[in-house]
Amino acid sequence: MPENSTFYSSFGHTHARNLWWLFGLAAVLILTGLGLRDPWPADEPRFAQIAMEMVNSGQWFFPTRGGELYPDKPPIFMWSIALFYWLTGSINIAFLLPSALCGLATVYLVYSLGRKLWSNQVGFYAGLLLLFSLQFTLQAKTAQIDAMVCCWITLGCYGLLRFLLIDGLWRWYYMAWFFMGIGVITKGVGFLPLLMLLPYALLRWFKFGNALKPPLMVAGGWRWWLGPLVMLLAIGLWFVPMLLLVEHSQNPLFATYRDNILFKQTVTRYADSWHHIKPFWYYLISVIPVFWLPISVLLPWLVGHWKSAIKAADYRIILPLAWVVLVIIFFSASPGKRGVYVLPALPMLALISAPYLMDILHKKWPKRLLCILVLFISVTLTLVAVAGWLDLKSSVKLAQKYELEPWNFFAVIGVSGILLLAISLKSKVLRLLCWPLFISVLWLLYSTWGYSMLGAVKTPKAIFANVAQNIPENADLALVSFSEQFILFSPYPITHFGYHTDNQEQLRAAWQWQGQSDERFILMDKDLITECFDADKALDMGFAHGEHWVIMKPQSRLAQCSAPSHPVEQYHYN
């Protein structure tokens with residue numbers, strides 16, 4: 001891949017200019033829309049609510065959700081949102097900032113590795129490949145833990161690769177272990193960079209290629225074993241104070257939190273997952289082909305280059321490639337799978353794809369396939385928009401299912417893609433930019449117009465507007481079988497009966513709670529009404545999040561109701 005390629009020379013060669021271009025583009029794509037939308041389900045309202053409760057209550061070590069302890073994840077990600085909420089006073093800015101900043105940091109790490117292992121050009125392409133990968137930018141614009149843990153894991157890989165392949169300085173090795181520890185107390189799987197030491201050990205053991213020559217052959221003896229101690233030190237920054245607080249409090253709820261987060265949410269969740277059950281090949285069939293675009297389209301050509309690199313004993317390719325494969329196998333082996341779990345593998349995949357990018361794109365079919373992909377998406381969106389304007393049956397069902405009519409939005413994206421394709425036919429350089437330009441337009445429109453359009457259906461604001469017309473301002477409101485967004489957006493003091501409590505047990509406990517005052521009302525899904533309440537006296541609040549919500553007034557309460565089978569805890573949030 002020549003350093004003076006036409007595409008690259010249009011941006012410049014220097015490290016400083018590369019950073020300006022890459023980070024300017026990354027900042028525009030990732031930060032556009034910051035503060036323009038509310039937290040959206042499934043995960044964002046939960047983390048935003050927990051962060052607000054941390055700031056408001058001063059309780060940072062034991063996260064609570066509507067007053068109930070939340071033991072599913074360590075608190076690092078929620079701490080970061082809480083910190084920005086404390087600094088800015090705006091949850092709409094704070095909840096997206098951690099993922100956005102981690103996304104920008106990850107782009108830089110991949111760029112820096114590509115630059116140090118190959119050249120400025122390769123680093124630049126690696127950063128662009130990652131930025132224009134669908135899953136990466138989507139997560140950088142979403143308040144889920146995965147963008148942050150991806151950043152810590154990439155930092156771990158960065159430290160190991162700098163140590164093993166570039167300069168052999170032990171500070172990089174210890175840095176890798178430290179951020180593995182931070183990753184563990186963010187989301188359990190932060191130790192994944194350790195898997196890179198498996199292919200490294202095999203290379204040394206079998207003396208493959210130049211494996212015994214510096215920098216891959218690192219001496220050190222006992223210094224290798226300091227790495228795990230550094231990781232334990234990082235984990236201890238949260239783990240030790242948490243244990244001490246549990247022991248000092250003598251609170252059985254805190255002890256339950258400790259046991260849940262240390263055992264059920266780690267080993268048990270991986271080995272015997274109770275939800276998101278998918279087959280072994282789920283990532284290969286359902287995630288990588290779509291969410292790892294555009295790299296997934298280039299894989300048939302990349303494999304040939306990687307084979308050549310392996311034969312030439314190019315450890316710059318061998319170590320990251322083996323690691324990516326091991327990460328996919330690791331997550332595939334667990335019965336519980338979500339598409340975002342494999343996100344940490346994407347930065348290293350972009351890194352080892354970048355050296356061959358221009359060589360591949362100068363071939364006829366890779367470039368043609370990317371343009372066909374843009375054409376397919378654009379034409380499909382345009383046709384769906386036309387069907388919506390004509391009120392065709394399929395489009396009406398789509399609008400009813402998602403409770404919105406995005407026809408104009410689809411049409412603008414579709415027509416933009418078609419126009420970009422038409423313009424790209426006039427220039428070889430523009431044909432190379434077909435996917436980047438299209439995905440940039442898509443992200444910018446989604447982050448502005450899309451946010452505005454989706455806001456009404458992604459939050460329960462309309463439900464609470466109807467509630468406000470039917471109950472007094474000083475009323476108490478209870479939730480039965482709720483999601484976190486109903487706590488986050490409620491203008492009323494909220495009582496609930498445990499997020500994981502059986503629905504019928506919640507219903508019976510709510511009946512008892514309402515009987516203590518005439519100013520108490522219950523918001524719930526209409527389909528849950530079986531006993532305790534008269535469904536004919538329910539007040540219709542409308543549909544949201546796939547459920548039909550109703551208010552149960554004191555007059556809706558029947559004279560008799562079965563008692564809960566066991567004591568049900570009440571939780572309150574003002």
Using the Kirkwood radius built from alpha carbon pairs, what does the Stokes-Einstein equation give as D for the range 417-574 at 4 °C and 1.567 mPa s, in µm² per second? 71
Let me spell out the model: positive unit charges on the Cβ of Lys and Arg, negative unit charges on the Cβ of Asp and Glu, origin at the Cα centre of the range 92-188. What dipole size does that give, in debye rounded to 20? 100
Would you be so kind as to identify which of 76, 30, 114 lies farthest towards the positive end of the dipole of the range 1-130, taking Lys and Arg as +1 and Asp and Glu as -1 on Cβ and the Cα centre as origin? 114
Hey, can you rank 153-160, 220-227 by average C-beta count inside 10 Å, highest first? 153-160, 220-227
Segments 559-572, 110-123 sorted - mean Cβ within 10 Å per residue, highest first: 110-123, 559-572
Counting only residues 5 or more places away or on other chains, whose amide H sits under 5 Å from the amide H of residue 548 once H atoms are built in the peptide plane? 526, 527
Counting only DSSP beta bridges with both partners in the chain, the antiparallel fraction in percent, to the nearest 5, comes to 75
Carbon + sulfur, % of accessible area of the chain - ligands and nucleic acids excluded, 1.4 Å: 64
The convex hull of the Cα atoms of the range 528-574, divided by residue count, gives a volume in Å³ per residue of 137
Using the basic label-point model (7 angstrom from Cα toward the beta carbon), what is the residue 540 to residue 312 distance in nanometres? 7.0
Got a sec? Charge dipole of the chain, +1 on Cβ for Lys and Arg, -1 for Asp and Glu; which of 552, 435, 40 is way out at the positive end? 435
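Nothing charged except the Cβ atoms of Lys and Arg (+1) and of Asp and Glu (-1): what's the magnitude of the dipole of the range 344-400 about its Cα centre? Round to the nearest 20 debye.
180
Cα gyration tensor of the chain, axes a ≥ b ≥ c as square roots of the eigenvalues: rounded (a/c below 1.5), prolate (a/b > b/c) or oblate?
oblate
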Might you report the magnitude of the Cβ-based charge dipole of the chain about its Cα centre, with Lys and Arg at +1 and Asp and Glu at -1, to the nearest 20 debye? 3080
Listed residues 59, 510, 491: farthest to the positive end of the dipole of the chain (Cβ charges): 59
Residue-count net charge about residue 363 - beta-carbon cut-off 14 Å; Lys, Arg +1, Asp, Glu -1: +4
Which residues' amide hydrogens lie under 5 Å from the amide hydrogen of residue 70, considering only partners 5 or more residues apart or on another chain, with H built in the peptide plane? 64, 65
Ordering 402, 85 from largest to smallest accessible area (1.4 angstrom probe), what's the sequence? 402, 85
List the residues whose amide H sits under 5 Å from the amide H of residue 338, counting only those 5 or more places along or on another chain, with H placed 1.01 Å from N in the peptide plane. none
Apply the membrane-span-like helix rule to the chain: whole DSSP H runs, Cα extent along the own long axis of at least 27 Å, mean Kyte-Doolittle hydropathy at least -0.5. List the helices found. 97-117, 226-249, 364-389
Where a ≥ b ≥ c are root eigenvalues of the Cα gyration tensor, a/c under 1.5 meaning rounded, otherwise prolate if a/b exceeds b/c and oblate otherwise, the range 245-401 counts as oblate
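The values are calculated or read from the model by the stated rules, or taken from the named source; none is laboratory data. Quick caveat: nothing in here was measured; it's all calculated off a predicted structure. Glycine also receives a Cβ, built like all others from the backbone with ideal geometry; neighbour counts cover every protein chain displayed. Side chains included, ligands, DNA and RNA excluded: accessible areas come from the protein's heavy atoms. Shrake-Rupley method; radii C 1.70, N 1.55, O 1.52, S 1.80 Å.
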